[in-house]
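What follows is calculated from the coordinates using simple rules that are stated; it is not laboratory data. It should be emphasised that the depicted structure is a prediction, and the values quoted were computed from it without experimental measurement.
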Amino acid sequence: MQRSIVGLTRNIARQRAVPISYRLNTLRTSPIVFRNSAFIRLYATEQQSKNDQEDGKDKSKVEESKDQSNAEAEEKSLEGGNTATSEVEQKLQELEQKYLNKDKEYAELKDLYIRSLADFRNLQETTKREIQKAKDFALQKFAKDLIESIDNFGHALNAVDEKTLDSNKEFKNLYEGVKMTSDIFKKTLEKHGLKEIDAIGEKFDPNKHEATFEVPQPDKEPGTVFHVQQPGYELNGRVLRAAKVGIVKDDK
């Protein structure tokens, strides 16, 4: 093909003296030029086709390489995601277990707190009662000794005859003075919780009364107190000395 082109070029050079229009027409209509041009176009087309095929193969390889790279990247991403998910799940399980342990510990501490608070309040109430009892009965021994003085006042007043009081004015004044002193003394003791047990007409109570005798009384209910031989006393509700009494006997 190259030789044909060279020969054609030489022929054209020889014919320079020929007019240009003639040379162009000759060149266009020349079978050699036509065949060579067609061959050149065919060769160029085949070469372009080969180049396109090679480019297509290269592009295909590039695309395959990209797809493979993308697949590998996605696989690594999935593996990384699975690993991260596994780690997150493990962390969640650990946190859940810690939460359950803390919840159990909180319940135990709450129960301990409630029990301790209840024990403390019970201790407060017990201590309060003990302190109050100590205050109430601090003078218990002293009060027992005072009871004898009250008894002496009673013995002195009961020993006086009413006729003597009417006949002797000075003695009557003395009697009234002693009685007034006895009443004031009793009221003072009552302010501090020491008072006489009121037994007359009450049902016999072995905690407060000591029966010394029984006598039938038709107009009274059996088992009731109708006579006090020795008065009894109590300090803030606690019996210091039981009253010695006579009770009504049941005839049945």
Among the listed pairs 141/186; 163/220; 220/249; 128/186; 172/244; 128/191, give every one whose C-alpha distance is greater than 19 Å. 163/220; 128/186; 172/244; 128/191
Just check segment 197-252 against the gyration tensor rule for me: Cα atoms, a ≥ b ≥ c as the square roots of the eigenvalues, rounded for a/c under 1.5, and otherwise prolate or oblate depending on whether a/b exceeds b/c. prolate
Which length gain, in nm to one decimal place, applies between residue 97 and residue 160 when the Cα-Cα distance is subtracted from 0.36 nm times their residue separation? 13.4 nm
Just subtract the alpha-carbon distance of residue 170 and residue 128 from 0.36 nm times their residue separation and send over the number in nm, one decimal. 9.8 nm
What shape does segment 103-252 have by the C-alpha gyration tensor, where a ≥ b ≥ c are the square roots of the eigenvalues, rounded means a/c under 1.5, and otherwise prolate means a/b greater than b/c and oblate the rest? oblate
Can you tell me how much longer the chain between residue 121 and residue 229 gets when fully stretched, taken as 0.36 nm per residue apart minus their C-alpha distance, in nm with one decimal? 34.2 nm
